[in-house]
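First comes the structure, then the notes that go with it.
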Amino acid sequence: MEILADLHIGGTWVPGETGERFPVIDPSDSSVIAEFAVASRADALRAVDVAAAAFPAWRDTSPRDRAEVLRAAFELLREEREWMAELIIRENGKAYADAIGEADYAIEFFRWFSEEASRVGGDFRLAPRGDKRIVVSHEPIGVSLLVTPWNYPAAMATRKLAPALAAGCTTVLKPAMETPLTAAYVVDALQRAGVPDGVVNLVTPVETGPVVDAMLHHPAVRKLSFTGSTEVGRILLREAADQVISTSMELGGNAPFLVLPGADVDAAVEGAMVAKMRNGGSACTAANRFYVHSSLHEEFAAKLSEAMAAVSVGSGLDRSHGLGALVSLAERDKVASLVSTAVEEGATTRTGGKGSDMGAFYDPTVLVGVEHGSTITRHEIFGPVAALISYDDVDTAVEWANATEFGLIAYVYGEQSLALRVARRLESGMVGINRALLSDPAAPFGGVKQSGLGREGSSEGIHEFLETKYLGLDV
Ligand code: NAD
């Protein structure tokens with residue numbers, strides 16, 4: 001299949017008014033895969049104009065018709081999942097198992113929201129005073145700006161596009177500059193599935209901040225759905241405030257992974273490998289801090305180090321590798337720097353601790369003797385590095401787990417009733433109990449504290465793109 005590398009505005013692929021292009025790099029060998037069109041401020045504002053013009057007709061389609069288009073997108077993408085995975089591997093660097101896993105997860109949002117499109121309910125009741133009927137309906141919010149990160153180039157786009165389209169909104173998608181090719185492919189698939197021109201637009205500005213700011217000040221934009229770092233999320237919340245734009249924010253995490261006294265260590269290690277290594281650790285859901293009860297610490301450290309050391313590292317195009325590249329050399333260097341700081345602060349490397357000079361690879365790494373509160377426990381590692389912290393009593397572990405401004409996800413391994421009691425005390429939007437894989441289009445994904453606002457997926461996801469309307473009827 002052809003690699004698409006232009007802007008998509010009003011149903012047409014266009015190069016952008018300046019004709020400029022930026023390179024998309026394969027992080028496994030630093031080769032240039034494509035030269036992608038640069039969107040100017042004028043291109044981006046034109047995309048919003050087009051989305052605004054397309055809104056009334058799309059809003060007025062029936063929920064069933066929107067559902068059919070989304071279902072068609074699901075069927076089409078399911079047929080082409082290997083191509084989607086290849087694009088993800090090429091521009092993001094991840095291993096094949098992670099790429100095909102992402103493709104399946106991403107595609108599933110179209111099936112889930114095709115089912116949700118016709119399930120949006122409302123309310124009809126007699127007012128308590130008996131003087132009127134209260135009718136509540138949910139209407140599409142309007143033109144929605146969708147800004148996505150590089151770590152899940154397909155799934156972060158479909159997790160927003162599917163509910164927005166199901167709700168009857170029109171969209172402008174702004175993917176990360178590192179990974180625009182998968183986003184362009186998803187937009188093309190939607191067009192082939194029958195989404196009308198202007199309903200889904202794609203822009204890739206190089207001057208990201210000012211151009212996104214300009215779009216957020218376009219009077220037609222009514223929704224911002226953002227996934228990315230908390231730092232950028234804060235900037236966008238401020239910008240969105242000027243026009244009181246509704247925001248959904250899926251931000252950073254600093255996930256604790258608690259191994260409770262009496263836990264099954266083999267099960268905990270198996271879970272740790274998933275919670276840490278899915279997507280090579282470049283996941284907002286990645287376990288960042290492992291709090292392991294002192295009675296189990298040595299056994300857990302030994303078994304986890306053995307499992308980590310057994311993971312083979314290399315390009316995702318070779319399916320035998322369990323760990324691919326990080327998204328860029330800069331990300332590899334950031335991970336390396338966090339590890340060397342941890343060692344300076346007293347941690348010991350049990351396995352790994354090395355990057356590659358040949359590409360953006362970093363070896364699976366286990367650090368022991370990490371102090372709670374040290375640098376690595378306060379930063380999102382976003383790479384294949386497990387930091388182990390020993391604790392003596394469960395109350396301390398809970399206190400340490402909660403000692404962060406983030407609250408996206410947490411993991412607890414241990415006997416079920418103790419694990420449940422601990423889970424209830426964790427300040428987190430999601431908790432995996434003796435389970436490390438939680439993402440599911442049917443479940444509400446999102447965080448508390450500075451990890452975000454709102455939820456994606458589940459029946460809640462479509463409501464992020466709907467507004468409540470109250471009609472009062474005379475009795
Ligand atoms: P990022 O915040 O740097 O970038 C995210 C998006 O915002 C990109 O499209 C980027 O181009 C754009 N952007 C950057 N600066 C901007 C600005 N000033 N104005 C407007 N847009 C701007 O994040 P990233 O490095 O691409 O992704 C990693 C981060 O994303 C991590 O913090 C991770 O935890 C988070 N993340 C969260 C979730 C979640 O669901 N909570 C999922 C995936 C990733």
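The values are calculated or read from the model by the stated rules, or taken from the named source; none is laboratory data. Since we're looking at a predicted model, the values are computed, not measured. Ideal geometry is used to build each Cβ from the backbone, glycine not excepted, and the neighbour counts take in all protein chains shown. In case anyone asks, the SASA skips ligands and DNA or RNA and just uses the protein heavy atoms, side chains included. Shrake-Rupley method; radii C 1.70, N 1.55, O 1.52, S 1.80 Å.
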Identify, please: which residue in region 346-365 is over 25 Å from the mean Cα position of the chain (by Cα) and open to solvent by less than 40 Å² (accessible area, probe 1.4 Å) and is, among those, farthest from GLU299 (Cα to Cα)? SER356
Within region 284-300, track down each residue that is surrounded by fewer than 24 Cβ atoms within 10 Å (Cβ to Cβ), of a type outside the set (Ser, Thr, Tyr) and in contact (Cβ under 8 Å) with a residue 60 or more places away in the chain. HIS293, HIS297
Helices (runs of 4 or more DSSP H) wholly inside region 365-475 that include at least 1 residues being in the same structural domain as ILE134 (by TED's automatic domain parsing): 460-463
Name the single residue that is nearest to the ligand (Cβ to nearest atom) among those in region 135-182 being open to solvent by 40 Å² or more (accessible area, probe 1.4 Å) and part of a strand (DSSP E or B). HIS138
Report, by residue number, each residue of region 88-113 that is among the small types (Gly, Ala, Ser) and surrounded by fewer than 24 Cβ atoms within 10 Å (Cβ to Cβ). ALA97, GLY101
What's the number of the condition GLY252 fails, among (1) of a type in the set (Gly, Ala, Ser); (2) open to solvent by 50 Å² or more (accessible area, probe 1.4 Å); (3) within 8 Å of the ligand (Cβ to nearest atom)? (2)
Determine whether LEU237 is in a helix (DSSP H, G or I) and either open to solvent by 30 Å² or more (accessible area, probe 1.4 Å) or near the ligand (Cβ under 10 Å from one of its atoms) (or both). yes
Considering only residues that are open to solvent by 30 Å² or more (accessible area, probe 1.4 Å) and away from the ligand (no atom under 13 Å from the Cβ), which ones fall in region 189-217? GLN191, ARG192, GLY194, PRO196, ASP197
What residue, among those in region 286-341 that are of a type in the set (A, V, I, L, M, F, W, C), out of contact with any Ser or Thr (no Cβ under 6 Å at 6 or more places or on another chain) and assigned to a loop (DSSP other than H, G, I, E, B), is nearest to SER439 (Cα to Cα)? ALA286
